[in-house]
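Structure first, commentary second.
Read-outs throughout are calculated quantities, based only on the coordinates presented, and are distinct from any laboratory measurement. Worth saying up front: this structure is predicted, and the values here are computed from it rather than measured. Methodologically, a virtual Cβ is constructed for each residue, glycine included, from the backbone with ideal geometry; neighbour enumeration extends over all protein chains shown.
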Amino acid sequence: MIKHRKKVEIVTDSVEIKTVIELLDEIGVSGYTIIRDVIGKGGRGKRMGDEVTDLLKNSYIMVICNDIEAHKIAEAIMSIKRKFGGICIVSDAIVISGHSPAP
Amino acid sequence: MIKHRKKVEIVTDSVEIKTVIELLDEIGVSGYTIIRDVIGKGGRGKRMGDEVTDLLKNSYIMVICNDIEAHKIAEAIMSIKRKFGGICIVSDAIVISGHSPAP
Amino acid sequence: MIKHRKKVEIVTDSVEIKTVIELLDEIGVSGYTIIRDVIGKGGRGKRMGDEVTDLLKNSYIMVICNDIEAHKIAEAIMSIKRKFGGICIVSDAIVISGHSPAP
Amino acid sequence: MTKLYRCAAFFFGFFLFAIFKLRKWRMQVNVSIIIDNLLHPPVLFFFLGMIASFCKSDLKIPDPLPKLFSLYLLLAIGFHGGVELNKTGINHAVIITLGAAILMAALVPVYTFFILKIKLDVANAAAIAATYGSISAVTFITAITFLETSGLAESGGYMVAALALMESPAIVIGIVLYKLFEKKEKKEGSLVPEPYGFSWGKVLHEAFLNGSVLLITGSLVIGLVSGEKGWDTLSPFAKDIFKGMLSFFLLDMGLIAAKRIGDVKNTGLFLPAFGVVIPVINACIGIFIARLIGLSQSDALVFSVLCASASYIAVPAAMRLSVPEANPSLYVPMALAITFPFNIIVGIPLYFYIITLFWK
Amino acid sequence: MTKLYRCAAFFFGFFLFAIFKLRKWRMQVNVSIIIDNLLHPPVLFFFLGMIASFCKSDLKIPDPLPKLFSLYLLLAIGFHGGVELNKTGINHAVIITLGAAILMAALVPVYTFFILKIKLDVANAAAIAATYGSISAVTFITAITFLETSGLAESGGYMVAALALMESPAIVIGIVLYKLFEKKEKKEGSLVPEPYGFSWGKVLHEAFLNGSVLLITGSLVIGLVSGEKGWDTLSPFAKDIFKGMLSFFLLDMGLIAAKRIGDVKNTGLFLPAFGVVIPVINACIGIFIARLIGLSQSDALVFSVLCASASYIAVPAAMRLSVPEANPSLYVPMALAITFPFNIIVGIPLYFYIITLFWK
Amino acid sequence: MTKLYRCAAFFFGFFLFAIFKLRKWRMQVNVSIIIDNLLHPPVLFFFLGMIASFCKSDLKIPDPLPKLFSLYLLLAIGFHGGVELNKTGINHAVIITLGAAILMAALVPVYTFFILKIKLDVANAAAIAATYGSISAVTFITAITFLETSGLAESGGYMVAALALMESPAIVIGIVLYKLFEKKEKKEGSLVPEPYGFSWGKVLHEAFLNGSVLLITGSLVIGLVSGEKGWDTLSPFAKDIFKGMLSFFLLDMGLIAAKRIGDVKNTGLFLPAFGVVIPVINACIGIFIARLIGLSQSDALVFSVLCASASYIAVPAAMRLSVPEANPSLYVPMALAITFPFNIIVGIPLYFYIITLFWK
Ligand SMILES: Nc1ncnc2c1ncn2[C@@H]1O[C@H](COP(=O)(O)O)[C@@H](O)[C@H]1O
Ligand SMILES: Nc1ncnc2c1ncn2[C@@H]1O[C@H](COP(=O)(O)O)[C@@H](O)[C@H]1O
Ligand SMILES: Nc1ncnc2c1ncn2[C@@H]1O[C@H](COP(=O)(O)O)[C@@H](O)[C@H]1O
Ligand code: NA
Ligand code: NA
Ligand code: NA
């Protein structure tokens, strides 16, 4: 089965992960995938990880969702992003799934 | 050199990785990239990793391939996904490569 | 705020990361995200990581940038990719951002 | 929900206070052996982990450090057992003990399967049965340290061999039960292409060659081969820092067990009750057999603990592959969040108490 | 830039050579105590880390191994302190010392905040003030090892309790200061949806239940409860390999501190000067209070080191969440790259020298 | 393919059994020294790793734990060597030994390069030559433990300095050879933009300041500076648990070496033969030089092992950057899967046997 969906990707400070997850759970998306301990560079300079202080690490979150949910995420992110930084992108994706989704 | 290709992304339980790799090798794709120890939420609930039991961890696989291969992967995944869960998405991508690929 | 951007993704040998970062800094992209210790298969065979020798590990780099920068990256990659292998793909993405980007 | 956590936190705080107070009177009271077990630092670190988790603290032993501790514990306990076995040799009594161990590992999943099938489907019943047939190395290790701290005789090195032998049979029996009783109703299962389906080769490989079985067996053989001389070489590593490593690992087990308690909270009373009652029954059967074959008190305790413990590493990994229909958020928390703490805190001293009654 | 690194490398090479030479004369010179501190292996490994970083070597202790060392150090120091406290008991003097510790942890952020506000905005002033009010466990541990190596009396176990108590108040005070003085100018802040905003519950949770506070407090309680008997169990782990683990951790601290020096290089002289002068002032206040309440020389040293040290783990984590406007590349490098090395290398022997003058 | 693995598994099983049996007779037979080496726990753990890998077990020491063991081994061996050197001092004999070490490290890549060029292209020949000119710290450490377990005299601390000095020159010589003999045919190489090309600065930096060289040299200097007093501080960490950490690391080396054997299987007989014969030749040259400059038996063994060993960490990392045309799946498995096991199992006792013949 093939469905047209949106793919929302967010990279932000690892300490914000909890907030973003709460937000996603509230919006009610069906799922998300998180990659921890991602590093990078952005408006706040290089964030190359730091073993002792656990600071300067990003996390990457990917959400496959429908247009309405993507819209809601984008709106929420727009309001909190001012405070935390990071990046949020949206693109199109086709979801492949089995005949009857696992219960 | 620029080529139009498909990007297939799969997130599934880490224990299934072997099966997925066997499947990809059988289909004969030219390559794939795997990110281990990815966490997330889906139909089977939160899978936030577990240090002691090594359960509840996902892996992410990305394959850049041509349309025919993408089709084959999608078909194979449709048949096994019922059993294992996870998510599989397909999107378009342009591959940039050097003049003569390394032998 | 919504902006149309390019998403450039590169997977290559971890030892090349320094070179790629230098290249990106030179081109002057506004940011990038790196996932270390990614494994996979490609033209040079399986690269499944190796704990003792620190060899056979890839890194994944994602850059969100404008068309001109994407073009420059693609050109630079085309010239160095012959030597190092790996894969480089470009796709479209919409960037969501807050009203005034953090300084 | 959060109320529940607060209650738990209070309870544990009170608990710590109580054992601290009790300690002063322990000479007079008769339960001193339970108190001593609870005051043993590794067990206290297990409590600390649970408290931290209930308080939603961000205390965390990040991956893969817990693997370091568990690999270390398997290596150390295997090596130590091998050296001991080298001293005593492989005699008649040893072989009988090992036979009894395998018997128990095969018997437990069969009888528990039929109990479980009353309330659960075949897949979940088989997976949980296998879990309780197999063993938990850390419970075993805690029993060994219990003996040491209480100043009792050491258990024989062949008990480590028993541990290694009891890990695999339950997995095979569990899958056999599943295959026998699985209803053929879901014929769409045939959609799954053959190469990605079930294979006995994979199952046996997973059962007998999984990492933990191989590491403990290998270390046992290495201890056996290198003997006393090898022990001199490795003992500062394998013995002196052992309880520290155990404390660290139990700290993490506490963190994880507490997180998992939530998973069984909503399944009714059957499974939690099962997770407490069955270990006691298995321990009693174990004690009975131990008496029958004439084991020492120490060996009997260790044997009963092996029977009572449930696997949360090897078996779940195998079940995920071979019985994918079973729900891991049932069988893992039962072993990890109910049976493991029960055995560590109440079980070990309780089984020992029973043994002291029968060996007199 | 690279010139600067080369200079630093040269400087350190020369430095090592110099201390090696000085060692021979140390009997004659009076600064022998500073030299001895510098020749202490853990401190030398700190230098090695800094040198490796200045040379841009790829030497790296990969994540999460540094966590292993820091968890170990917290557990070991907490447990050891608890056992000591079990010996001495909780008497009048102990309670006065703990009270003084809390007082200092609350006082320091207040007075430094007003100094910092001269040059910085409210958010950064509050974050840095909190950093210097709280403590660094590794600086504390280095002071303990300094006492040991110098053959001086051990400090009391209750100093570990003081360490645990001084970690949190500074966080709360820092945030209170921020909330009081924060200008209400940015009214668009209301765009942030309520559930993702500020909450005192979160702040207090972060302050009193963060991982490091809980682990050291928990280990202290466990040490207190299990006493001498528990110490026999864990001492090979918690004591014998302690300095090796400390060496490893300081090697990593050296690597990271050197990397961070660049961050403060461009902020002018105010912050680096602050990072050196304030610790000395705090240490002196600490010594004064210690004399007042009649601590021993060893306890006074440890107390002054607690006052002088700045937090680079617990406080930054809390500030990131509660004062996001503050710039972590200011307060982290100040604590990590200036105050920490200063205390380790110069501070500890200096404070001890001052104490010897006053206690005679 | 899988047949091959089964054969290997059988072979190893038989092997373990055989050494167990042999042990009983070892008093009578003359090969007792080889047997003793094989019965040494760390070497047995190496076998266990190989067996696990051949059986396709999922036993795995996850990243970055192996890094913990290798960093530990470098730190401990460097520090120990430094302390020893502090005792003996840097005299004439030490300087001659170090000179001989550098000479061998420069000589070996040159002569092996011309042997390799018969069958391979310039890039691969240069990379493999550099690999065999450099050293393997773990092979060195195993030789040290071999001396200890056999009750022989300890080797001098300056041999650790020799180890550190032999790591880098081979890298430089290898790249020089590559640059000299590289055919200019591939002119399209100029497509590579200049800044991303080759630079001698990078090469020398990589050769002399890579992590392992810096850590062992730095630890040596720290040992030298802190001397006997420092040793008392760190010896429980750096010595007592040393063989346990070595066992763990060799377990992992066994897992990886066995996985890599497949890589060289398909390259014909030349490379595997090279990987066994050249170490023996290098060891013999080493023994000859050792006799010439009058080293003790123990020092001679360690020196010959340094000459015989091949690098699988520092050199491959440098070659990946500087000779990217060379194929890492040739030079890494040769060092790791052929020469390393050969030296560990057969080489060390063999070289020692040769030495006993000549030193009588
Ligand atoms: N243009 C970009 N492309 C890819 N990743 C980015 C980009 N900008 C920011 N990021 C990621 O988001 C993190 C936080 O960004 P910032 O808050 O802007 O410093 C960075 O460390 C990067 O990992
Ligand atoms: N909608 C989604 N978006 C992103 N990732 C998902 C989504 N659904 C599932 N996943 C990922 O796939 C894993 C397994 O999904 P499931 O089998 O549905 O529990 C989850 O733990 C997520 O990591
Ligand atoms: N077709 C592909 N799809 C996804 N990842 C690839 C592909 N080809 C190569 N890669 C990644 O790039 C790495 C290096 O590729 P190569 O240099 O071709 O061996 C591989 O190990 C993969 O992680
Ligand atoms: Na059992
Ligand atoms: Na302070
Ligand atoms: Na060599």
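Data for the structure
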read-out: Karplus (6.51, -1.76, 1.60) ³J(HN,Hα), θ = phi - 60°, over the range E:334-345, in Hz, Gly and Pro reported as x; value: 4, 5, 8, 9, 10, 5, 4, x, 4, 5, 4, 8
read-out: Approximate shape of chain E as ellipsoid semi-axes (Cα gyration tensor, √5λ), whole Å, largest first; value: 31, 27, 20
read-out: Average partner coverage of A:67-79, which counts Cβ from other chains inside 10 Å; value: 2
read-out: Nearest-first distances (nm) between copies at D:I96, label 7 Å from Cα via Cβ; value: 6.9, 6.9
read-out: Selected from E:I118, E:I348, E:I141 as most flexible by GNM, with chain E as the system and alpha-carbon contacts under 10 Å; value: E:I118
read-out: The range D:60-113 - convex hull of the alpha-carbon atoms, volume per residue in Å³; value: 107
read-out: Sorted by Cβ density within 10 Å, fewest first, the residues F:M334, F:M253, F:M245; value: F:M245, F:M334, F:M253
read-out: Rg and Dmax [Cα atoms of the range D:121-161; Å; Rg one decimal, Dmax integer]; value: 14.9, 46
read-out: Fewest-first ranking of E:T139, D:T97, D:T145, using other Cβ atoms within 10 Å as the exposure measure; value: D:T145, D:T97, E:T139
read-out: Where labels lie 7 Å past Cα in the beta-carbon direction, separation of E:L292 and D:C284 in nm; value: 6.6
read-out: Of F:K117/F:K179; A:K46/E:K117; E:K56/E:K117, those spanning more than 25 Å from alpha-carbon to alpha-carbon; value: A:K46/E:K117; E:K56/E:K117
read-out: ³J(HN,Hα) computed for each position of the range F:261-273 - Karplus, 6.51 cos²θ - 1.76 cosθ + 1.60, integer Hz, glycine/proline x; value: 4, x, 5, 8, 4, 9, 9, x, 8, 4, 5, x, 4
read-out: Cα convex hull of the protein assembly as shown, projected area averaged across orientations, nm²; value: 50.8
read-out: Ascending list, in nanometres, of distances separating the D:F288 label from those of the other copies (7 Å, Cα toward Cβ); value: 7.7, 7.7
read-out: Most fluctuating residue given options F:S235, F:S57, F:S136, as computed from a GNM of chain F linking Cα atoms under 10 Å; value: F:S57
read-out: Normalised convex hull volume, the range F:68-164, alpha-carbon set, Å³ per residue; value: 119
read-out: Shortest-first distances to equivalent copies, position E:I118, nm, label 7 Å out along Cβ; value: 7.9, 7.9
read-out: Along each principal axis, Cα extent of the range F:33-97, largest first, Å; value: 52, 34, 18
read-out: Chain E, helix-only ellipticity at 222 nm - DSSP H runs n ≥ 4, -39,500 (n - 2.57), divided by all residues, nearest 500; value: -24000 deg cm²/dmol
read-out: Computed Kirkwood radius, in angstrom, where 1/r is averaged over Cα pairs of the range E:251-323; value: 14.4
read-out: GNM result for chain D, Cα springs below 10 Å: residue of D:D240, D:D36, D:D63 fluctuating most strongly; value: D:D63
read-out: For E:326-332, mean number of other protein chain Cβ atoms within 10 Å; value: 3
read-out: Reference-scaled alpha-carbon Rg (2.2 N^0.38 Å with N residues) for the range F:201-353; value: 1.19
